[in-house]
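These notes are about the structure you will find just below.
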2 protein chains.
Amino acid sequence: MWTTNERQEFAACLAAMTSYRKECQKAILKMHKQGLRTDDQLAKLNEAINNNANLFEYMAERGPESFGPENANMFPKINIHFDDQDLNQLDACLHSAARDWTSLGDAERGEVYSPVIAALHKYVQPNEEVLVPGSGLCRLAVEIAQSGFIAEANESSFVMLVMAFISMFSDGAQFLIFPFVHQISGLDKFEDSLISAVFPDLSSSLADPGLSLDPPSLIESSRLVLKAGKFEGVYANVSEKFGAIVTCFFIDVISDVQNTIINLHKLLKDGGIWINIGPIVNHNQSVGFFSPLTLEDIDRMARNAGFDIIEQSRIDTSYSQNPKTHVKTRYSTQFSVYRK
Amino acid sequence: MWTTNERQEFAACLAAMTSYRKECQKAILKMHKQGLRTDDQLAKLNEAINNNANLFEYMAERGPESFGPENANMFPKINIHFDDQDLNQLDACLHSAARDWTSLGDAERGEVYSPVIAALHKYVQPNEEVLVPGSGLCRLAVEIAQSGFIAEANESSFVMLVMAFISMFSDGAQFLIFPFVHQISGLDKFEDSLISAVFPDLSSSLADPGLSLDPPSLIESSRLVLKAGKFEGVYANVSEKFGAIVTCFFIDVISDVQNTIINLHKLLKDGGIWINIGPIVNHNQSVGFFSPLTLEDIDRMARNAGFDIIEQSRIDTSYSQNPKTHVKTRYSTQFSVYRK
């Protein structure tokens, strides 16, 4: 199941997690020498880092076993090199954690996840299977399952998978995280980078605000299914299985959009619903000197694949940014419902 | 004056300019094969590319002589390799051209340049020398000169320097440019990438709306002085020369902010004014895992260097984006006036 490359890649992630504390302390020492921060500021920064490090070390310890006991020892543990990209992945992880599993993400989840769940209730029968490719930290999939559907979450990034595992199965373990400590650009003052939140926060469901989220029991009862691996591979031999598919900021990161849409169509039952939300900003670097896709192109590809467009609107939202920054990016995303 | 490295770097720029048309045509052919665009769309794209290419080829032809006749033949012309980064510089150039020298930039120039010129009139005597480091395509420096001061524009990027030269001394030559043709992310439809504008447009001055801009006569009369080269080097042996310095989105791109601020202080006469505007988003990649500077830090460094803060406010603006995009970044920039 795991290639040698994948095992190396994940081992580098684990090494970055266990080295996060030391790497940050080196950077803090450098700041101290430069005299850029007061002792009080450095102490606060140190505390923030130590809290984030507690989470990452917990992740590194539990990560391998989160893929099943048979996988716990297959990742190399010595002579593993990690680079800045691995550290940047940890930064991205903190942002995703804030968005999906802390109170800092309440507004963004309300803007984006609520309309998705409302559309599922409008167009899809209860107890239908709903696929969420690019599920990240799985909050949307958990909400969908909690809301009365059977949610299947698919994610390929190791570090996201481990973080999702921690957020959902931590047996009550909670962490104080400082998600914006590495990005203080556009801030008035240093202290604005030290916003913290409790992770994970399972205190209430968007779909059913009176209810606490309970991922372990959703998995126990097979209402939430987790599938690790690349979308194209995992679903290559599956067809006409799902009543709905939800892609949320997912089309923006894949390289072959046309074939992915054809694949989504194949995976849906007749009459099944594809809900897409995102700004169509292609983050994939391999697209060359011209960015190839517009919202109109997605619609055309969907029609060519056999979809009808049954609903479209715009949803204004941000994506995981420090609430105190003076550099604000707003996405006027397209919210589309297509029917097979 | 020019190092071998600098000559190689500029030669690569020139090669990218002369190859732009062919590189884009290759990309268009690929799109044609993929069937992603209609023949009509490809024809429109081709026309846009050809117009941009006309400008770049004109730049490549005039570029070397823009540094003086003695420099015209010192750049290598054969076996020159350029890469994607050189092509991306051309894309950045088109954006800057739109912002500084076309009607597409009217709103942004009104938001940012107008308050700068108003503050100069408030705090600085007419005919004083005003330095503009990181002057880019020099529009702000030209407006400052036109407005009654003596403006000295300093820029280190070759491609910006050549573009500034073309915009100011083109002997009436004008180009139709399509500045957003390479960035169609977040757009509804392909056609939204084909916004065009006449470059350069010298039809009116911000500081004096009744007046057309006339850079050649400003230079002729020594009211506008252009200094090519890196800021630290060019001004190493200059002190107490300027009545004012204006840094506009400049602090955001330099690596050693502290020493730059000390240098600004040294360059000003007693009582001289430093005007800074920008979001303090550090784009410099060498800053490491923690972004070191906030707005508060700039103020502290300014005070340590000997400046008094005499005025601060916020200016909301964007920076050179396609007006039709659904991904909008707004900068709530700090506008500060410091006195030596």
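The values are calculated or read from the model by the stated rules, or taken from the named source; none is laboratory data. All figures in this text were calculated on a predicted structure; none of them were measured in a lab. Cβ coordinates were reconstructed from backbone atoms using ideal geometry, including for glycine residues, and neighbour counts include every protein chain displayed. With ligands, DNA and RNA removed, areas are computed over all heavy atoms of the protein, side chains included. Shrake-Rupley method; radii C 1.70, N 1.55, O 1.52, S 1.80 Å.
When the range B:133-145 is filtered for residues that are over 11 Å from the mean Cα position of the chain (by Cα) and outside any helix (DSSP H, G or I), nothing remains.
Scan the range A:236-264 for residues that are under 19 Å from the mean Cα position of the chain (by Cα), assigned to a loop (DSSP other than H, G, I, E, B) and of a type in the set (A, V, I, L, M) and the total you get is 1.
Screening the range A:133-160 for residues that are under 18 Å from residue A:221 (Cβ atoms) and of a type in the set (A, V, I, L, M) and picking the one that is most open to solvent (accessible area, probe 1.4 Å) gives A:150.
One residue stands out among those in the range B:217-231 that are open to solvent by 60 Å² or more (accessible area, probe 1.4 Å) and touching a helix residue (DSSP H, G or I) at 6+ places or on another chain (Cβ under 7 Å): the one that is modelled with the lowest pLDDT, which is B:227.
Yes or no, residue by residue, for (1) farther than 12 Å from residue B:18 by Cα; (2) open to solvent by 30 Å² or more (accessible area, probe 1.4 Å); (3) at pLDDT below 90; (4) over 18 Å from the mean Cα position of the chain (by Cα):
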{"site": "B:54", "(1), (2), (3), (4)": "no, yes, no, yes"}
{"site": "B:76", "(1), (2), (3), (4)": "yes, yes, yes, yes"}
{"site": "B:83", "(1), (2), (3), (4)": "yes, yes, yes, yes"}
{"site": "B:89", "(1), (2), (3), (4)": "yes, yes, yes, no"}
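Of the residues examined, residue A:264 is not one that is surrounded by 21 or more Cβ atoms within 10 Å (Cβ to Cβ), within 11 Å of another protein chain (Cβ to nearest Cβ) and aliphatic (A, V, I, L, M).
Number of residues in the range A:91-125 that are surrounded by fewer than 16 Cβ atoms within 10 Å (Cβ to Cβ) and assigned to a loop (DSSP other than H, G, I, E, B): the value is 1. The set of residues in the range B:305-340 that are within 10 Å of another protein chain (Cβ to nearest Cβ) and assigned to a strand (DSSP E or B) comprises B:314, B:316, B:327, B:328, B:329, B:330, B:331, B:332, B:333, B:334.
Residues to consider are B:188, B:201, B:192; find the one that is farther than 27 Å from residue B:254 by Cβ and open to solvent by 50 Å² or more (accessible area, probe 1.4 Å).
Only one candidate qualifies: B:188.
Let's see how each residue does on (1) out of contact with any Ser or Thr (no Cβ under 7 Å at 6 or more places or on another chain); (2) under 18 Å from residue A:64 (Cα atoms); (3) assigned to a helix (DSSP H, G or I); (4) open to solvent by less than 80 Å² (accessible area, probe 1.4 Å):
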{"residue": "A:12", "(1), (2), (3), (4)": "yes, yes, yes, yes"}
{"residue": "A:15", "(1), (2), (3), (4)": "yes, yes, yes, yes"}
{"residue": "A:19", "(1), (2), (3), (4)": "yes, yes, yes, yes"}
{"residue": "A:25", "(1), (2), (3), (4)": "yes, no, yes, yes"}
{"residue": "A:33", "(1), (2), (3), (4)": "yes, no, yes, no"}
{"residue": "A:43", "(1), (2), (3), (4)": "yes, no, yes, yes"}
{"residue": "A:46", "(1), (2), (3), (4)": "yes, no, yes, yes"}
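Before we move on, is residue A:128 more than 13 Å from the chain's Cα centre (by Cα), surrounded by 20 or more Cβ atoms within 10 Å (Cβ to Cβ) and charged (D, E, K, R)?
no
Cβ separations smaller than 6 Å between residues 6+ apart or across chains give the following pairs from the range A:194-209 residues that are closer than 26 Å to residue A:183 by Cβ to residues that are open to solvent by less than 50 Å² (accessible area, probe 1.4 Å) and part of a strand (DSSP E or B): A:199/A:175; A:199/A:177. Residue B:279 meets all of the listed conditions (1) in contact with an Asp or Glu (Cβ under 9 Å, 6 or more places away or on another chain); (2) at pLDDT 95 or above but one, namely (2). Residues in the range A:11-36 that are at pLDDT 85 or above and touching a Pro at 6+ places or on another chain (Cβ under 9 Å): A:11, A:14. Can we say residue A:89 is within 30 Å of residue A:268 (Cα to Cα) and of a type outside the set (A, V, I, L, M, F, W, C)? Judged against the criteria, residue A:89 is not a match. Residues that are within 12 Å of chain A (Cβ to nearest Cβ), in contact (Cβ under 8 Å) with a residue 60 or more places away in the chain and among the charged types (D, E, K, R) within the range B:6-40 comprise B:23, B:37, listed in sequence order.
The condition (being away from every other protein chain (no Cβ under 13 Å), among the small types (Gly, Ala, Ser) and touching a Pro at 6+ places or on another chain (Cβ under 9 Å)) is satisfied by just one residue among B:43, B:60, B:98: B:98.
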